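The values are calculated or read from the model by the stated rules, or taken from the named source; none is laboratory data. Please read these numbers as outputs of a predicted model, since none were measured by experiment. When we count neighbours, we look across all protein chains shown, and the Cβ atoms used for this are built from the backbone with ideal geometry, even at glycine. When the accessible area is computed, the model is the full protein with side chains, heavy atoms only, and any ligands, DNA or RNA have been set aside. Shrake-Rupley method; radii C 1.70, N 1.55, O 1.52, S 1.80 Å.
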Amino acid sequence: GKLKELVNLWNEELGKHYPMREELFKQNSFDDKNIYLSGSAIALDNDNKIIGFVVSKKWNEDNCPVQLSNRVGWIQILLVATDHRNQGIGQKLLEHAENALAVAGVQEILLGRDPWHYFPGIPSECKATNPWFEKQGYINNGYDYDLISHYSKELTSPMPIKDKVDFTLLKEMEKDELLSFLHRCFPGRWEYEALHYFNKGGTGREFVVLKKNNRIIGFCRVNDPESPFIAQNVYWSPLLNRALGGIGPLGVDSSERKKGYGIAIVEAGIAVLRSRGINDIVIDWTGLVDFYGKLGYTKWKSYAKYSKSLD
């Protein structure tokens, strides 16, 4: 029952810009092993109706081959119903989360940016929230964006052609090669996300790889409605009444940079999604607005990054 009620409150407050699905809320707020229960709480009114909640996280996957820092804690979402604001409820929820995270040894709290996050910061639609968090000691560290591009059906997006390299979809048997490439070149979150992708039944169709002499030197993650779980760049697909695709993360081995491979691997990802009949594509959580602008991507959503040091 709680899941439904939390999702309903979310949609009453944020649904116009960030329509929540029960499947996504369960995936990111119930099933993530990094949920920190003692730092999460629900506020009820006198009729036991949920009027606010906070979800906080700290690293808790000690058996995972990838380790994120246990000195960082996250507030995934802090939400209070509009008609119950300015009564100190948000403050109580936040203090509850911060105290619990401090007890757990967390030294820095980030708003959003958690494993299985919703937002990389405070969404721009919630402007009044920024000064509120600043009063509680949070510092603004700049902005990140979700970008979008709409393609007309008639327009084709061909695979890029580059000398001496190939762009292909990952084959299931190349899983270990991809993971060791990520471990070497992009340790941390991207490696973590790829591990979970395979654990959740991914077969490779969500990764375009760039190969040179048959070795992986770059990758681009592509998501669509067929993907094995709801990936971050298609979280808000209910906003469009048609299939939404997503691109990213992506990267090229640092020893192979400055050769135009970065933009080419993005083009390869676009080509794959377009060949699957997808005409709307999102690139989430990025600061590289000009880079993707070259390919016709424009700002769709923007987020203010915030952190607070607890020491």
Next on the checklist: So the label point goes 7 Å from the Cα of Asn99 along Cα→C-beta, right? Which residues of the range 124-164 then have their backbone N under 18 Å from it?
Outcome noted: 136-137
Item to check | Per residue solvent-accessible surface (Å²) - the chain, probe of 1.4 Å | outcome: 47 Å²
Checklist outcome for this item: Of the candidates Ile281, Phe186, Ile270, the farthest towards the positive dipole end of the chain (Lys/Arg Cβ +1, Asp/Glu Cβ -1, centred on the Cα centre) is Ile270
Item to check | Extension reserve of the Ser180-Lys2 stretch, reckoned as 0.36 nm per residue once the Cα distance is removed | outcome: 60.1 nm
Item to check | FRET E, pair Lys211, Arg21, Förster distance 45 Å, beta-carbon r, rounded to 0.05 | outcome: 0.80
Checklist entry - Sorted by mean Cβ packing within 10 Å, highest first, what order do the peptides 132-145, 178-191, 100-113 take? => result 100-113, 178-191, 132-145
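Mind checking the dipole of the range 81-223: about its Cα centre, +1 per Lys or Arg Cβ, -1 per Asp or Glu Cβ, Debye to the nearest 20? The partial results should precede the final answer.
Values: 18 positive and 19 negative charges, 84 e Å.
Magnitude of the dipole: close to 400 debye.
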Checklist outcome for this item: If R0 = 35 Å, then Lys171 and Asn60, at their Cβ-Cβ distance, give a FRET efficiency to the nearest 0.05 of 0.60
Checklist entry - Applying 1/(1 + (r/R0)^6) with R0 = 41 Å to the Cβ-Cβ distance of Asn241 and Leu310, what FRET efficiency is obtained, to the nearest 0.05? => result 0.40
Checklist outcome for this item: For the range 182-290, the accessible surface attributable to carbon and sulfur atoms (probe 1.4 angstrom, ligands and nucleic acids excluded) amounts in percent to 47 percent
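Could you list the trypsin sites (Lys or Arg not before Pro) in the range 268-311 that lie in coil according to DSSP, counting only those with at most 15 other Cβ atoms within 10 Å of their Cβ? Let's see the in-between values first.
Numbers: sites: Arg274, Arg276, Lys294, Lys299, Lys301, Lys305, Lys308; in loops: Arg276, Lys294.
Answer in residue order: Arg276, Lys294.
Per 0.36 nm of contour for each residue apart, how much would the distance between Phe198 and Asn86 grow if the chain were fully extended, relative to their Cα-Cα spacing? Don't jump to the answer; show the numbers that get you there.
Details: separation 112, 0.36 × 112 = 40.32 nm, distance 4.44 nm.
In short, 35.9 nm is gained.
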Checklist outcome for this item: Links exceeding 31 Å between C-alpha atoms in this model, out of Lys4/Lys301; Lys26/Lys299; Lys58/Lys258; Lys200/Lys301; Lys212/Lys305; Lys58/Lys127, come to Lys58/Lys258; Lys212/Lys305
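Antiparallel versus total DSSP beta bridges in the range 1-159: what percent is that, nearest 5? Spell out each step's value before the answer.
Working: 12 of 16 bridges.
Approximately 75 percent, going by the DSSP bridge assignments.
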Item to check | Only Lys, Arg (+1) and Asp, Glu (-1) charged, at Cβ; the chain dipole about Cα centre in debye | outcome: 680 debye
Next on the checklist: For Kirkwood radius over Cα pairs in Å, pick the label among (1) 22.7; (2) 24.2; (3) 20.6 that corresponds to the value derived from the coordinates.
Outcome noted: (3)
Checklist entry - Mind checking the angle between helix 261-275 and the chain's longest principal axis? C-alpha axes, 0 to 90 degrees, to the nearest 10. => result 80 degrees
Checklist entry - Based solely on its DSSP helices, what 222 nm [θ] is calculated for the chain when runs of n ≥ 4 H residues each add -39,500 (n - 2.57) and the sum is averaged over all residues, nearest 500 deg cm²/dmol? => result -7500 deg cm²/dmol
Item to check | Zone of Asn48's modelled label, taken as backbone nitrogen in the range 1-35 under 19 Å from a point 7 Å along Cα→Cβ | outcome: 1-9
Checklist entry - Cα to Cα, under 15 Å, and not fewer than 8 places away if on the same chain: which aspartates and glutamates meet these conditions relative to Lys308? => result Glu95, Glu98, Glu108, Asp114, Glu134
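Looking only at the range 186-311, where both bridge partners belong to it, what percent of the DSSP beta bridges are antiparallel (to the nearest 5)?
Values: 11 of 14 bridges.
Bridges in the range 186-311 that DSSP calls antiparallel: roughly 80 percent.
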